[in-house]
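Here's the structure, in C-alpha cells; my notes come after.
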C-alpha cells in the first residue's frame with residue numbers, strides 16, 4: 001500500500017496549519033505500515049472539524065452524531081469482530097458529550113482504537129471552552145474565564161480500565177504514527193489522546209507552547225510503566241504514571257503511559273460464540289417496518 005492508495009477524491013479543507021493535518025498524515029502512515037487489507041478497516045467519527053477525517057481516507061467510514069463515535073464503533077466491532085475499528089473525535093466528542101460512552105468502552109475493553117483530537121476548544125463552533133480547556137480560559141462561552149477544573153483523559157483512562165493509554169502530539173508526525181500503529185495492534189481498548197493545536201481559536205496551546213514542553217516517556221529512563229497484578233490491581237508504580245499524567249505547565253509527557261492485557265469484551269460475549277453476526281442468514285423482511293418510518 002502507498003499513500004496514493006488512501007487518497008480520496010476530496011482534499012481536507014481545515015484551516016492552514018491546523019493540527020488535524022498532522023493527525024491525518026500520521027493515520028495514513030500508520031495504515032501503510034500496518035498494511036491491512038483496507039476493506040477491513042473502518043473509521044468512525046463524531047461531529048467536529050477533525051471528524052471529517054474519514055472523508056479523506058479511502059476506507060470504510062461512518063460519521064456519527066456529536067459525542068457518539070464510540071457507540072457506533074461498538075456496533076461495528078460486535079457485528080464483525082474481524083474488522084479493525086478506529087474511532088476518531090474531538091475532546092468535546094470524547095470527554096464532553098460522549099464521556100459516558102468513553103468510560104464504559106474502556107471498562108468493557110472493546111478492541112477499538114480511539115484517537116482523540118484534543119485541541120482544548122470547540123473549534124467547529126468557533127472556539128468555546130471544552131472539557132479540556134484550562135481553568136481561567138476566556139472564550140465566547142466563558143468571557144470571564146472557565147471556572148471548571150479541566151478533564152484529565154489519562155487519569156480517566158487509568159481509572160476506567162483502558163489497556164493501552166497513550167498521548168501523542170500532532171506536531172510530531174513520526175512519534176504519533178508509532179503510537180497509532182501500537183494502538184491498532186493492541187488487543188483491547190487503546191486511547192491515544194492527541195494534542196492538536198487549533199491555530200484559529202486557541203492562542204494559548206499553540207505549536208510553540210507544545211514544542212517547548214513535550215518530552216517522550218520512552219526516552220525518560222526513570223519512567224517505570226505500571227502493571228496489573230493477578231488480582232487486577234495496579235502495582236505501586238501507578239503513582240509515577242498518575243503524577244506524569246498531571247504534568248502540564250512546565251513539561252508535558254507524550255508516549256505510552258501504560259499497556260497491559262486482559263480479555264476483550266468480544267472474547268467473552270456469549271452472543272459471538274457462534275460466529276460473526278454479519279454472516280448470519282435470516283429471512284426477515286424489514287420493508288414493511290421501514291415503510292412505517294418513511
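Please determine whether any residue of the stretch 5-17 is crowded, with 20+ Cβ neighbours inside 10 Å, in a helix (DSSP H, G or I) and either modelled with pLDDT of 95 or more or more than 19 Å from the chain's Cα centre (by Cα) (or both).
no
Quick grid of which residues meet (1) in contact with a helix residue (DSSP H, G or I) (Cβ under 9 Å, 6 or more places away or on another chain); (2) free of Cβ contacts under 8 Å to residues at least 40 places away in the same chain; (3) not in a strand (DSSP E or B):
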residue	(1), (2), (3)
66	yes, yes, yes
72	no, yes, yes
76	no, yes, yes
87	yes, no, no
94	yes, no, yes
103	yes, no, yes
116	yes, no, no
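Hey, residue 241 hits all of (1) within 30 Å of residue 83 (Cα to Cα); (2) crowded, with 19+ Cβ neighbours inside 10 Å; (3) touching a strand residue (DSSP E or B) at 6+ places or on another chain (Cβ under 7 Å); (4) modelled with pLDDT under 95 but one; which does it fall short on?
Condition (1) is where residue 241 drops out.
On the given criteria, is residue 58 outside any strand (DSSP E or B) and either out of contact with any helix residue (DSSP H, G or I) (no Cβ under 7 Å at 6 or more places or on another chain) or buried (at least 18 other Cβ atoms within 10 Å of the Cβ) (or both)?
No, not satisfied.
Taking the condition closer than 18 Å to residue 158 by Cα and at pLDDT 95 or above, does residue 254 pass?
Criteria met by residue 254.
Hey, does the stretch 19-34 have a residue that's in contact with a strand residue (DSSP E or B) (Cβ under 9 Å, 6 or more places away or on another chain), at pLDDT 95 or above, under 30 Å from residue 274 (Cβ atoms) and in a helix (DSSP H, G or I)?
yes
Return the only residue of 111, 82 being surrounded by fewer than 24 Cβ atoms within 10 Å (Cβ to Cβ) and either without any contact (Cβ under 8 Å) to a residue 12 or more places away in the chain or in contact with a strand residue (DSSP E or B) (Cβ under 8 Å, 6 or more places away or on another chain) (or both).
Within the list 111, 82, the selection yields 111.
Do the conditions hold for residue 255, that is, is it assigned to a loop (DSSP other than H, G, I, E, B) and on the phi > 0 side of the Ramachandran plot?
In short, no.
The values are calculated or read from the model by the stated rules, or taken from the named source; none is laboratory data. Quick caveat: nothing in here was measured; it's all calculated off a predicted structure. So basically every Cβ, Gly included, is an ideal-geometry build from the backbone, and we count neighbours across all protein chains shown.
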